[in-house]
Every structure is written in structure tokens, then in C-alpha cells.
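No value in this document is a laboratory result; all are computed from the given coordinates. Only a predicted model underlies this, so the values are computations on that prediction, with no experimental measurement involved. Cβ placement follows ideal geometry from the backbone for every residue including glycine, while neighbour counts extend to all protein chains displayed.
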């Protein structure tokens, strides 16, 4: 189905759920998303990626699983799939590094920019930014920022935060972030002598075209709460994102457990590219955010009614494995970012 047909179907679905008086559809009082689980990304070589995350960023290797079969084809939307997932963990958070052994997907665009709608990253909290930057320089990582940036004092919600973007071996963008006293979760401020340099994942960030439309999906349908927000601009933000003239509306969302989801709307420049209509799970541009739910069917219906789409044809009972769920569906938010709705 083409993206245009998909959009027409989604529009019809949303309209069909409206009340007779034209009000917005009502979603469940209880949050659909009970927690944010592992963040998944597609890699070209699972061993190379796992070595990078464990050696350079102090993750620990947790699982190594190979999957294949009809249920995985239906879940991923990739016919003939055989894939290998290496799960790595840092503190309480985890990443699923998935290499598609067959069929192989496409590399990401060489000219990708941080304001493209397909942009996603994870923010890894560090105890010492200067030491972390030295570690990354020693590992010869590719810069995505010009260097670590300190957000200015005039911006009270972000003042004093230090951050730096860089790339993993497949050029996925990652962020290291340091929080001053009074900002960030309390666990990021434990005494330095009892903690490592790399502490855990604070959030995953996604670029959106319209924050209000995204909030209808993430807040109203999935049940996330708004935990904070700011409008960021200036030379520090431009050099962090490596986008000249960057001005962002940033909204932080959180479920009851797990890393946050940060919405990045570029108020300027507005020339970021739309999410590719032909993106598939085996392409290296692919990220997916796991949302743990109690029941996949109502979660999937809520996602669709809020302007999202489905990658899977419907909820899928997956074949035997050890990734922590037995039933799942891949959906997209209004901008195309993939979420995995999964239940035990």
C-alpha cells in the first residue's frame, strides 16, 4: 500500500472514531503504555555494534537471539526475515541491536540531518562530560555535533545541561548528556565514587512535524505524561544539532517506567525531509521504541485512532524466543516513527 493510500485509510479511521458531535475520540482512562522498554535499532553487523557499545560506552551484553519464521515476517513487515538481535544494557535501560541476515536492508542516507523527520537518538547520561568526550575522541567516533555544548543560562529549563552528539559504527546518532544539580532524574546525581562514567539512558528523542499532533498520539492515546518542555535556540543549539539557525520546541514525555520520549519540533529551519514512505525494519535508518502494554489490540486501535499507522497487519503471536513478550504489533506515530506495542 502506498503512503498516500495509507494516509487516506488513517484519515478515514480517525474520522470513523469521532463522536457524533465532532469531539475528539475518547481514550482509556488508564495509560495504554505501562512502560518504555528496550529501544531497537537496525545494524549491519551485530558483533561490531555490540563491541562498540560495550567497549566504548560501558553497556553489558545481555542476550543474543536469532529469529525467523512467519510470525516474525508478519510482525516486522519484512518477508523471508532471518534476524539476529543482541541486547545490551546500561543501568536499567537496554538497546536491541538487530542485524537482518536476510534480506539485507538499505544504508541510511549519507546526507541525513538532525532536522529530518526520520531522526531518532538515545541520550546516554554521563557522570563527567569532559572525561566522556575524551573517551569518545580516543575511540575516534564520528562527530555529529561540533563538540560538547553547554546550554545557556537564559533558558531556565535547560540551563547548564551539557550535551554532545556523535555516531555509532552505522552512523546512528547518539547523545551523551550531563545534568547539573537540580536537573535530570535524582539517580543521575549519585556520588561519583560509586558510579561509572556512563550511567544509563535518559530518553530517546524523535523529530516531529507538529508537537500538538504528536501529543495526541503519545500523551492522549498512549498515556504518557508531559514531564517538561522548553524552546531552545542560539549558537549552542545550532552547534549541538549541527543545523544552522536551529530553533526547537522540545517536549519531554514519560511513562510510569523506562526512558522518556522527547519530541523535537524544528520551528526553524523547516526544511527537514519527511519520514521515507518506503522505510522498512531491515533498513539501517530504522529505530523502534518498545512500549509495554497489557493488551495489544486496544493499544493498536488507540494508536491508529490518534493518527498512527500499522506496520504489522494486526497483533501477532510470536514464535518461541526470549525477548520478553509473546504478542506484539509494530505501529507508527503520525510522523512515521515506529513503536512496538508488546505484551507478555
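In nm, to one decimal, how far is the residue 61 label point from the residue 301 one, both placed 7 Å along Cα→Cβ?
According to this spin-label approximation, the distance is 4.4 nm.
Could you rank the peptides 71-83, 115-127 by their average count of other C-beta atoms within 10 Å per residue, with the highest value first?
Put in order of decreasing packing, that is 115-127, 71-83.
Apply 1/(1 + (r/R0)^6) to the Cβ-Cβ distance of residue 244 and residue 153, taking R0 = 30 Å, and write down the FRET efficiency to the nearest 0.05.
After rounding to 0.05, the efficiency reads 0.85.
Using a 10 Å cut-off on Cβ atoms, rank the peptides 221-231, 204-214 from the highest mean neighbour count down.
204-214, 221-231
Just one of (i) 15.3; (ii) 16.9; (iii) 26.3 is mean projected area of the Cα convex hull in nm² calculated from these coordinates, so which is it?
Matching entry in (i) 15.3; (ii) 16.9; (iii) 26.3: (ii).
Give, in nm to one decimal, the length gained when the segment between residue 273 and residue 211 is fully stretched (0.36 nm per residue of separation minus the Cα-Cα distance).
Stretched fully, the residue 273-residue 211 segment lengthens by 20.7 nm.
Note the full-extension length gain between residue 68 and residue 320 as 0.36 nm times their separation in residues minus their Cα-Cα distance, in nm to one decimal.
89.7 nm
Given R₀ = 51 Å, FRET efficiency for residue 146-residue 79 by Cβ-Cβ distance, to 0.05?
0.75
What is the calculated FRET efficiency for residue 92 to residue 196, with r their C-beta to C-beta distance and R₀ = 22 Å, to the nearest 0.05?
The calculated FRET efficiency here is 0.95.
What is the spin-label model distance, in nm, from residue 48 to residue 106 if the labels are put 7 Å beyond Cα along the C-beta direction?
2.0
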